[in-house]
Ligand code: ATP
């Protein structure tokens, strides 16, 4: 009886693990937004990144023919510089990051990295060169350490810890039972949005890509977490060509260039100061956000006085 029970028990564990792996793979595809219709061209070479120069050349894109999303978008991000993309909800900001990762292909124009059209190189080499910190990080049902190491499997224990430190998530890890071995996800620890994002930052630090896309979370984080995340992001963006998709303008005042996207077109571009001086859409959005922040601060101050 015992003999029979054990293999069955083993099968149960095995089945659960396989099932879990399948669920994780499915999740990974949904996280990566993998589009099975996109295939490498026969004999496509690997992308060779030398400096990390990124160019969008008159890029036109729609998900659905009846609804244009990008109507001819052009910009250049010089090696190591930061470009911020701002604009109203639905303007097409995150679409730019999806195209950069080649989850979709543009119907017109070109996207070039160091002069190479991203459609002509292998997807694997492209995705190795581009790191993404998404809006909502979905974690694997595994340990925190595994979730960070996912950035680079051959990273040493020391490198994982260093990445966690730079991403400012090491204090949190030290405070949970099990530390790096603590299980996260559905059956484990539930991480807050800010903690998950810092795990994603640690992952990206380990990966060390020359090109980075930061898709800022729409939901407001508390100002302490916000500050910690900004610090972590600044660290990871240093020396890398960076595209930031920003919802809160206060986070991108130092960007080398800011583009304001509206209905799939760049309607304004410049530095923060240049855009304020133009007194256009960006300046109006800046003033609205500043007034909202001041109003929030007044409410908090009043609550503290009570
Ligand atoms: P937000 O600031 O709200 O995140 P965004 O500027 O990043 O918005 P996108 O996510 O790029 O906007 O979306 C642009 C438009 O494309 C939106 O109207 C959206 O509904 C639409 N869209 C996004 N993804 C898809 C998709 N997979 N299929 C069809 N339409 C989509």
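The values are calculated or read from the model by the stated rules, or taken from the named source; none is laboratory data. Worth saying up front: this structure is predicted, and the values here are computed from it rather than measured. Cβ: placed from backbone, ideal geometry, glycine included. Neighbour counts: every protein chain shown.
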Condition met for residue 140 (at pLDDT below 90 and closer than 23 Å to residue 71 by Cα) | no
Residue in the range 62-72 that is surrounded by the fewest Cβ atoms within 10 Å (Cβ to Cβ), counting only those that are within 11 Å of the ligand (Cβ to nearest atom) and in contact (Cβ under 8 Å) with a residue 60 or more places away in the chain | 68
Could you check, for the range 37-47, whether at least one of its residues is modelled with pLDDT of 55 or more, in contact with a helix residue (DSSP H, G or I) (Cβ under 7 Å, 6 or more places away or on another chain) and farther than 30 Å from residue 147 by Cα?
-> yes
Hey, could you check the range 234-271 for residues that are part of a loop (DSSP other than H, G, I, E, B) and within 12 Å of the ligand (Cβ to nearest atom) and say which is nearest to residue 57 (Cα to Cα)?
-> 264
Subset tally (residues that are within 15 Å of the chain's Cα centre (by Cα) and within 14 Å of the ligand (Cβ to nearest atom)) for the range 92-115 | 10
Of the candidates 87, 145, 131, the one satisfying the condition of being under 21 Å from residue 259 (Cβ atoms), buried (at least 17 other Cβ atoms within 10 Å of the Cβ) and over 17 Å from the mean Cα position of the chain (by Cα) is 87
Given (1) assigned to a loop (DSSP other than H, G, I, E, B); (2) out of contact with any helix residue (DSSP H, G or I) (no Cβ under 6 Å at 6 or more places or on another chain); (3) under 30 Å from residue 185 (Cα atoms), index of the condition residue 138 fails = (2)
Quick one: residue 105 ticks every box in (1) at pLDDT below 90; (2) surrounded by fewer than 22 Cβ atoms within 10 Å (Cβ to Cβ); (3) in contact with a helix residue (DSSP H, G or I) (Cβ under 8 Å, 6 or more places away or on another chain); (4) not in a helix (DSSP H, G or I) bar one, so which box is it?
-> (1)
Any chance residue 229 is more than 16 Å from the ligand (Cβ to nearest atom), modelled with pLDDT under 95 and buried (at least 19 other Cβ atoms within 10 Å of the Cβ) = yes
Number of the condition not met by residue 118 [criteria: (1) within 16 Å of the ligand (Cβ to nearest atom); (2) over 17 Å from residue 200 (Cβ atoms); (3) in contact with a helix residue (DSSP H, G or I) (Cβ under 8 Å, 6 or more places away or on another chain)] | (1)
Since residue 80 meets every condition but one in (1) part of a loop (DSSP other than H, G, I, E, B); (2) within 16 Å of the ligand (Cβ to nearest atom), which condition does it not meet?
-> (2)
